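The values are calculated or read from the model by the stated rules, or taken from the named source; none is laboratory data. What you see is a predicted model; the values in this text were computed from it and never measured. Note: ideal-geometry Cβ built from the backbone for every residue, glycine included; neighbour counts use all protein chains shown. Please note that ligands, DNA and RNA were not included when accessible areas were found on the heavy atoms of the full protein model with its side chains. Shrake-Rupley method; radii C 1.70, N 1.55, O 1.52, S 1.80 Å.
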Amino acid sequence: MFSLQEAGRVADDRHQRTSLDPDDWQALRKQGHQMLDDMFDHLQTLAAKPVWQPAPSSGRALFDAPLPIEASDLEDVHAIFRDNILPYGSGNIHPGFMGWVQGGGTVTGMLAEMLAGGLNANLGGRDHMPIEVERQIIRWTRQIFSFPDTAGGIFLTGASQANFVAVQLARCRKLGIDVRATGLSDEARLVAYASREVHGCVPRAFEMSGIGSDQLRRIPVNAAGQIDIEALEQAILRDRQDGHTPFLVIGSAGTVNTGAVDDLAALRGIADRYDLHFHVDGALGALGILSEDLADLFTGIETCDSLAFDFHKWGQVPYDAGFLLVRDSEWQRQTFASEAAYLSRAATGLAGGDWWPCDYGPDLSRGFRALKTWFTLKTYGVKALGNAMSANCMLARGLAQKVEREPALKLLAPVALNIVCFAYVGPDGKAPPAINADIVEHLHAEGRVAPSLTHLNGQPAIRAAIVNHRTRQADIDALVQGILTLGSRQDLREC
């Protein structure tokens, strides 16, 4: 039998052999510095690299390997990343990336992500300073969007989850908190409203909630791409007459296809008239309110009941950093708070704290997304972020003007923010519409610029979404020249 002292020595020895901390901290420090320097070098030289390039089969094969049983040197693992992952990313940090609405991130955000990873805080609740950082962001978002002191908020993976949570809030507001236990009855017959240009995550939110996407009425838009207010009101009246229960209207602060901003003040009036929860999907554009040049486009956003947006888009925070702002934080508690023995609270100590995020959203285990957001806002300030957004929109307007001056190109939608939708039609206007898909594919393969493809009124459209703070006029010029060059090629024109 071991004595207690001997047993302690055995336990210490076993711990020393099983701990995942390094034996040689100095060697780790050297390797860590090298990894950081490699990322600095990569970010500093982005413009000289391809936006995107296909990964070779040899590289892909490395990720079809058996489960590792024994240890590997960190230096060797990092080499695999450096040679086989880093050069083959999705490209959204590159100045020539214009394909989808994705932020470019910043060096500051990258460093903050490293700090958050080292701290490894769980922001489900309890009394620790990372909770206070998230509460600070909530207070700042109240100020940004002129929300009242009753407002609450929470970090989520992105606006897709934030829109889903908003549907749950609106459902509880209309039917009462008992719906959490009883579920939807046949008598409820809930219906909601959004424009036909609403983001695809919104109907999916209705599917996940059990309400069903058929209960989301998709209202026609006007020539500017905004929800048609008269058609909306007619749809509400029809549903009420048919015995349905209208409970939610959703406005878009930047539609995903064209960047149109709905008449948010008019939607507030509709919501008040018919007792609807007024939610705004601001994933694409809501933070544009930080720009003096753009703020007037979002008049009325300060009146909404809930607002989904992404710091990881125009806020340039590294992925992921979605956010939901709610006019009354008590609506969040009513929708999500629940008791559990293992989450017992205390007046003092680590189990203390008067704000546990798990009471205000769906997640218990939550990462420290607030830190990279806090670093970004503190380091750059909202004025610089707003100026970057203004610059994006200036480039978009300039691109639209170039398109309108070029006979071989055709603008397909008004430019409200930072998205330009257009098509190659050829000098005689007779190029086959399908050529635009081939042009986009070839541009991706060439690696200088990367727009995306969408469809407007059934017609293929080249879509340039200018979100990255690194994008410059030279990137816009390269996009136009690349399209004209590819469009003139006979092999493409015959497609």
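Some observations on this one:
Okay, residues lined up against (1) more than 30 Å from Gly183 (Cα to Cα); (2) at pLDDT 95 or above; (3) crowded, with 18+ Cβ neighbours inside 10 Å; (4) out of contact with any Pro (no Cβ under 6 Å at 6 or more places or on another chain):
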| residue | (1), (2), (3), (4) |
| --- | --- |
| Arg204 | no, yes, no, yes |
| Gly212 | no, yes, no, yes |
| Arg218 | no, yes, no, yes |
| Leu232 | no, yes, yes, yes |
| Ile236 | no, yes, yes, no |
| Ser252 | no, yes, yes, yes |
| Val261 | yes, yes, yes, yes |
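- The sole residue among Gly300, Gly349 that is surrounded by fewer than 17 Cβ atoms within 10 Å (Cβ to Cβ) and either at positive phi or touching a Cys at 6+ places or on another chain (Cβ under 6 Å) (or both) is Gly349.
- One residue stands out among those in the stretch 365-414 that are among the charged types (D, E, K, R), assigned to a helix (DSSP H, G or I) and out of contact with any Pro (no Cβ under 6 Å at 6 or more places or on another chain): the one that is least open to solvent (accessible area, probe 1.4 Å), which is Arg369.
- Residues satisfying the stated conditions in the stretch 264-275, i.e. open to solvent by less than 10 Å² (accessible area, probe 1.4 Å) and within 22 Å of Thr150 (Cβ to Cβ): Leu264, Leu267, Ala271
- Residue in the stretch 325-332 that is hydroxyl-bearing (Ser, Thr, Tyr) and open to solvent by less than 10 Å² (accessible area, probe 1.4 Å) present: no
- Considering Ala116, Ala79, the condition of being touching a helix residue (DSSP H, G or I) at 6+ places or on another chain (Cβ under 9 Å), open to solvent by less than 50 Å² (accessible area, probe 1.4 Å), of a type in the set (A, V, I, L, M) and in a helix (DSSP H, G or I) is satisfied by Ala116 alone.
- Sole residue being over 29 Å from Thr454 (Cβ atoms), of a type outside the set (Ser, Thr, Tyr) and free of Cβ contacts under 8 Å to residues at least 40 places away in the same chain, chosen from Leu169, Leu184, Leu190: Leu184
- With respect to (1) in contact with a Leu (Cβ under 9 Å, 6 or more places away or on another chain); (2) under 30 Å from Thr376 (Cβ atoms); (3) open to solvent by less than 30 Å² (accessible area, probe 1.4 Å), the lone exception for Ile462 is condition (2).
- Subset of the stretch 82-113 [outside any helix (DSSP H, G or I), in contact with a Phe, Trp or Tyr (Cβ under 8 Å, 6 or more places away or on another chain) and either open to solvent by 70 Å² or more (accessible area, probe 1.4 Å) or more than 25 Å from His444 (Cβ to Cβ) (or both)]: Ser90
- Considering the stretch 50-74, and only residues there that are assigned to a helix (DSSP H, G or I) and exposed (fewer than 13 other Cβ atoms within 10 Å of the Cβ), the residue that is nearest to the chain's Cα centre (by Cα) turns out to be Arg60.
- In the stretch 154-202, the residues that are open to solvent by 10 Å² or more (accessible area, probe 1.4 Å), under 28 Å from the mean Cα position of the chain (by Cα) and of a type in the set (Val, Ile, Thr): Thr157, Val198
- Applying a threshold of 7 Å to beta carbon distances and a minimum spacing of six or more residues, or different chains, the list of pairs starting in the stretch 251-273 at a residue that is under 24 Å from Arg397 (Cα atoms) and ending at one that is open to solvent by 30 Å² or more (accessible area, probe 1.4 Å) and not in a loop (DSSP other than H, G, I, E, B) reads Val261/Leu297; Asp263/Ile229.
- Hey, Gly124 within 27 Å of the chain's Cα centre (by Cα) and farther than 27 Å from Leu232 by Cβ or not: yes
- When the stretch 434-447 is limited to residues that are in contact with a Gly (Cβ under 9 Å, 6 or more places away or on another chain) and open to solvent by 50 Å² or more (accessible area, probe 1.4 Å), the one that is nearest to Glu404 (Cα to Cα) turns out to be His442.
- Beta carbons closer than 9 Å, at least 6 apart along the sequence or on distinct chains, pair a first residue in the stretch 447-470 that is farther than 17 Å from Gln481 by Cα and touching a residue at least 12 places away in the same chain (Cβ under 8 Å) with a second that is charged (D, E, K, R) and assigned to a loop (DSSP other than H, G, I, E, B) for Val467/Lys313.
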